[in-house]
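Rule-based calculations on the coordinates, nothing more; no lab input. Please read these numbers as outputs of a predicted model, since none were measured by experiment. We place every Cβ from the backbone using ideal geometry, glycine too, and count neighbours over all the protein chains shown.
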Amino acid sequence: KNQVEQSPQSLIILEGKNCTLQCNYTVSPFSNLRWYKQDTGRGPVSLTIMTFSENTKSNGRYTATLDADTKQSSLHITASQLSDSASYICVVRGGSQGNLIFGKGTKLSVKP
Amino acid sequence: NAGVTQTPKFQVLKTGQSMTLQCAQDMNHEYMSWYRQDPGMGLRLIHYSVGAGITDQGEVPNGYNVSRSTTEDFPLRLLSAAPSQTSVYFCASSSTGTGVYEQYFGPGTRLTVT
């Protein structure tokens, strides 16, 4: 079954610290992997989109990695800010119909 | 550009009532879709459209109808609301429904069915 699993479910860190969120997937065939940020009460906003051949992609303080062999991705946030408090959703496009398959998200809280 | 807009932002319905959730985009995107987001679950695809006049079912289509008469608009209809349809609904659009094209989400409609 095509699935996207994220860990941890939730995370609390202090402002200025770094953190890494994990995503494992079993989607086949694989097309691309996306990370979205969803602020409370808002729609998801794309951070990165990575294809099979891309290992690392950065967007400001956000760096995503992809290991297509082990079917794992991570999102690293550097020097966290209070505005980073949000849910981060890993999404894989793939499967027989090429649909987007969503993880349940990691809820990040950045405390002052 | 306004991007993807959704109305209303909040709605309370009684069981059996009907309503239409509105979605519009001004980016001339061919692909539009509706998702629902429930606590502890990932977003699930309800219906999608690859262009005006063309719609298809997603993962959880029961209880919902859609139509696409124009490129800009993609309304979602609940014919007879049920408590199980209490959820947050997101509309999204992109250039196409495949590949690496960016998917843009609306702000969501929070629906409660009592």
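So here's what we get for this one:
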| item | result |
| --- | --- |
| Global form of the stretch B:1-86, assessed from the alpha-carbon gyration tensor, a/c cut-off 1.5 | prolate |
| When each of A:Lys1/A:Lys107; A:Lys1/A:Lys104; A:Lys37/A:Lys57 is checked by Cα-Cα distance, pairs over 22 Å | A:Lys1/A:Lys107 |
| Residue-wise HN-Hα coupling along the stretch B:47-61, computed from phi with Karplus coefficients 6.51, -1.76, 1.60 (Hz; x: Gly, Pro) | 9, 9, 9, 9, x, 4, x, 10, 9, 8, 7, x, 6, 10, x |
| Karplus (6.51, -1.76, 1.60) ³J(HN,Hα), θ = phi - 60°, over the stretch B:66-80, in Hz, Gly and Pro reported as x | 9, 8, 9, 8, 10, 5, 7, 10, 8, x, 10, 10, 9, 7, 8 |
| Descending semi-axes in whole angstrom, ellipsoid equivalent of the protein assembly as shown, from the Cα gyration tensor | 30, 20, 16 |
| Rounded to whole Å, sorted largest first: equivalent-ellipsoid semi-axes of the stretch B:45-109, Cα gyration tensor | 21, 14, 11 |
| Chain A shape via C-alpha gyration tensor axes, a/c threshold 1.5 | prolate |
| Karplus-derived 3J(HN,Hα), 6.51/-1.76/1.60, for each residue of the stretch A:30-39, Hz, glycine and proline x | 9, 10, 7, 10, 10, 10, 10, 10, 10, 6 |
| Mean Cα-pair separation over length for the stretch A:1-74, i.e. relative contact order, pairs under 8 Å, 6 or more apart, % | 26 percent |
| Sequence-distant residues sharing a close amide H with B:Leu13 (under 5 Å, placed H) | B:Thr112, B:Val113, B:Thr114 |
| Loop trypsin sites (Lys or Arg not before Pro), the stretch A:46-112, which have at most 13 other Cβ atoms in a 10 Å radius of their Cβ (DSSP) | A:Arg61 |
